[in-house]
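Below: one structure, written as structure tokens.
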Amino acid sequence: MANRVVILGIDGAGGFIQNADAPHIHALLKAGAYSYDAQTVYPSISAECWGSLLYGVKPDRHGLDNDRAIHGRIPEDFPYASLFKLARRQWPDAPLSAFSCWAPINTGIIENTINVHMESKPDPELAEAIVDYIHQQPDFKLMFIQLDHPDGAGHKHGFGTDQQLEQIAVTDQYVGMIVKALDDQRLLEDTWILTVTDHGGGGAHPNDHGSDHPMDMTITWGIMGPGVKPGLIEAPIGIMDTTVVIGQVLGLPAQPCWEGKVPEGIL
């Protein structure tokens, strides 16, 4: 069994990672079970997608969208518990952390009253903060990371374009820094790393996302760690499966509301 989980989220990179010069990300994926054809939720927008990953239910149930995430907070009577809240119930004193370039994930999607260490900075500074945290808190239990610049490049230059792929290659260098920090602390062998993109883009509009077009809905998904069977995942997989997989590997209580599953044959 592993002792901790890292969710490595790469915003807006969809399935385009497959075509990018990203050796660190590809190494993580191919060290475990992975797919470049996983599916996100509709609408394929950041708050809806990250919300579904963290809470395990569809957007029409959790109700989170970009506007609500930017301007609101998760109320105490919210009907669902995120992976962070479930982990806090399980381990009252364990270090939990969320590093997000897009600040509304930390302020408006993850609960703010459960003692999660949160930092929101541009990707380069965020990567450095993550490295520092790993060295200072190697006993952490759950870490969520959202690197945002691939999404920005998609909006600016077009999703799946050479310019976005170049940004994914830059982001891959940050991933390399994070993996090295885990390795330096001798954490890799008992850590699950779940690599996931929240949505793609370029389907209904070259510089946007949100539709049900396959370019918007297709994402990259992979997990490596103890007990994972390496190889391409043949079974269908969706972003809400992330919640169930992390729940199972960390031994968190399964929630009746969860709409995902553990993809067949990965554990």
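The values are calculated or read from the model by the stated rules, or taken from the named source; none is laboratory data. Just so it is clear, the structure is predicted and the values come from calculations on it, not from any experiment. When we count neighbours, we look across all protein chains shown, and the Cβ atoms used for this are built from the backbone with ideal geometry, even at glycine. Surface accessibility is based on the protein's heavy atoms, side chains included, excluding ligands, DNA and RNA. Shrake-Rupley method; radii C 1.70, N 1.55, O 1.52, S 1.80 Å.
Centre-to-centre separation between the Cα atoms of segment 189-267 and those of segment 63-91: 20 Å. Is segment 173-267 best put as rounded, prolate or oblate by its Cα gyration tensor, with a ≥ b ≥ c the root eigenvalues, rounded for a/c under 1.5, and otherwise prolate when a/b is larger than b/c, oblate when not? It is oblate, given that a/c is not under 1.5 and a/b is not larger than b/c.
Can you give me the Kirkwood hydrodynamic radius for segment 32-87, using every pair of distinct Cα atoms, in Å to one decimal?
Every distinct Cα pair counted, the radius reaches 12.3 Å.
Quick check: convex hull over the Cα atoms of the chain, volume per residue in Å³, rounded to an integer?
On the way: hull volume 28.6 nm³, N = 267.
Expressed per residue, the convex hull around the Cα atoms of the chain is 107 Å³.
Normalised by the number of residues in segment 94-219, the mean separation of alpha-carbon contacts (under 8 Å, six or more apart) gives a relative contact order of 22 percent. Expressed to the nearest 5 percent, the antiparallel share of DSSP beta bridges inside the chain is 30 percent.
Compute the FRET efficiency between A254 and L188 as 1/(1 + (r/R0)^6), taking r as their Cβ-Cβ distance and R0 = 30 Å, and round to the nearest 0.05. Rounded to the nearest 0.05, the efficiency is 0.65.
For the chain, what is the mean residue ellipticity at 222 nm derived from helices alone (per DSSP H run of n ≥ 4: -39500 (n - 2.57); sum divided by total residues; nearest 500 deg cm²/dmol)?
Only helices count here, giving -10500 deg cm²/dmol.
For the modelled label position 7 Å from the Cα of N207 along Cα-to-Cβ, which residues of segment 132-158 have backbone nitrogen atoms closer than 14 Å? Zone members listed by number: 152-158.
Hydrophobic long helices, here whole DSSP H runs in the chain with Kyte-Doolittle means of at least -1.0 and Cα atoms spread over 15 Å or more along the helix axis, are found at 123-136, 162-184. Per-residue accessible area (protein heavy atoms, 1.4 Å probe) orders M177, M143, M224 as M177, M224, M143, starting from the largest.
Over the chain, Cα pairs under 8 Å with separation of 6+ residues give a relative contact order of 36 percent.
Largest first, the three principal axis extents of the alpha carbons in segment 106-231 are 44, 37, 25 Å in whole numbers.
Between N66 and A235, the contour length at 0.36 nm per residue exceeds the alpha carbon distance by 57.8 nm. Decide, for segment 178-224, between rounded, prolate and oblate: order the square roots of the alpha carbon gyration tensor eigenvalues as a ≥ b ≥ c, take rounded if a/c falls under 1.5, and otherwise choose prolate if a/b is larger than b/c, else oblate. Here segment 178-224 falls in the prolate category. Straightening the chain between R73 and N19 buys 15.8 nm, computed as 0.36 nm per residue apart minus the Cα-Cα spacing.
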